[in-house]
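Step one of this worksheet: look at the structure below.
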Amino acid sequence: MFKEIFNLVDRIPIFNLFQYITFRSGFAAVTAVLITFLAAPKLIRWLRAKKAEQSIRDDGPRSHLAKAGTPTMGGLLIVLSITAAVLFWQDLRNPYTWVLLISFWGYALIGFLDDYLKIFRHNSKGLNAKLKLIGQFFVSTAVVLYLYFTVKDITLLYIPFVKNPVADMGWFYVPFAILLLTGFSNAVNLADGLDGLASGLVTFVGLTFGLLTYVVGHAAFARYLQFPFIPMSGELTVTCMALAGACLGFLWYNAHPAHIFMGDTGSLALGGLIGVLSLLIKKELLLFIVGGVFVMEAASVMLQVLSFKLFKKRIFRMAPLHHHFELKGWTETQVVVRFWILGGLFSLIGLITLKVQ
């Protein structure tokens, strides 16, 4: 972290500002935005030169065929910008910092291998689906077991709008948390199908969780709002703001018509990071509200598969859900903006839980 490297807090009074989480969180967001925004053009040119281009499904909306040739793997930039902002502005002595970064890079590596095989090895299927799932389960299991054995009261289950824990899940917490991390990582991946959709929605989630992490990590605010106080979790606000900043910077180039896609490198990593954040601040079930659009996208795929296998009928014209509305006649921009509106509403509902308990 900046203040640790240069040790300026004790020498120059103005650098006392660096002790405040809010100050460092703001600059983490700015840092991530600038890195992503300024580095994206060079990355786009490099990816074009390497022919790292997105393959387009021929069974989807016909308008998507024009996207063929758009560079992908832009998630590399998101991962690097978030990592740089966190390392520069967050307290490196806080164990949660390393839990987040290691898990974040674990999911990013799985996505990178998938993208690499698709693009540079010309394997249209990418990483084998079973291997991909096994990799996600491995990272999720490692994170959950670490938290289970090291974090006090991690197994307590809270539900939105109720101030006290409703149950102690004990060992059942382990499979529950593993499924949550793996599921949400895939949910963000499924939502990354339209220009700017996933990056815009993740920005909403990042900002919302930024406020939540600050509250649960601040003893006075947590006590006043009747939230469980979680020591050291306030530092996670820096990560949340870096997350939101990186996605905003990326959105500049990912908005319709997109000049770059994040690929699995970005979507799996972002979903996994958000999932781990929800575990650390005990907002696992609230994540289903704040990330409601991602839940809808994942649910549409599961319902479509289940319906077809059981009844040989499709519920939606195409899954994930955003493609269904495209095939119903909505333009891509209409789908994205309307899903952003839903994402904003879900975030507001999540923030209402700060007061209504």
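The values are calculated or read from the model by the stated rules, or taken from the named source; none is laboratory data. This structure is a prediction, so every number in the text was calculated from the model and none was measured. Neighbour counts run over all protein chains shown; Cβ positions are idealised from the backbone, glycine included. What goes into the accessible areas is simple: the full protein's heavy atoms, side chains included, and nothing from ligands, DNA or RNA. Shrake-Rupley method; radii C 1.70, N 1.55, O 1.52, S 1.80 Å.
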Requested in this report: Check the range 76-94 and report whether any residue there is in a helix (DSSP H, G or I), of a type in the set (D, E, K, R) and open to solvent by 50 Å² or more (accessible area, probe 1.4 Å).
Outcome: no
Report task. Report yes if Leu197 is modelled with pLDDT of 90 or more, open to solvent by 10 Å² or more (accessible area, probe 1.4 Å), under 21 Å from Gly263 (Cα atoms) and not charged (D, E, K, R), otherwise no. Result -> no
Query raised in the report: If you scan the range 210-269, which residues turn out to be within 24 Å of Asp192 (Cβ to Cβ), surrounded by fewer than 24 Cβ atoms within 10 Å (Cβ to Cβ) and of a type in the set (Phe, Trp, Tyr)?
Result: Trp252, Tyr253
Report task. Considering only residues that are in contact (Cβ under 8 Å) with a residue 40 or more places away in the chain and under 19 Å from the mean Cα position of the chain (by Cα), look in the range 305-344 and name the one that is surrounded by the most Cβ atoms within 10 Å (Cβ to Cβ). Result -> His322
**Report entry** Count - residues of the range 270-284 that are under 15 Å from Gly193 (Cβ atoms) and either among the hydrophobic types (A, V, I, L, M, F, W, C) or free of Cβ contacts under 8 Å to residues at least 40 places away in the same chain (or both)
**Finding:** 1
Query - Residues located in the range 157-177, provided they are open to solvent by 20 Å² or more (accessible area, probe 1.4 Å) and under 23 Å from the mean Cα position of the chain (by Cα) - result: Leu157, Tyr158, Ile159, Pro160, Pro175, Phe176
Requested in this report: Need at least 2 residues that are at pLDDT 95 or above, within 30 Å of Asp168 (Cβ to Cβ) and β-branched (Val, Ile, Thr) per element, so show me which helices (runs of 4 or more DSSP H) inside the range 270-357 make the cut, counting only ones lying wholly within it.
Outcome: 287-290
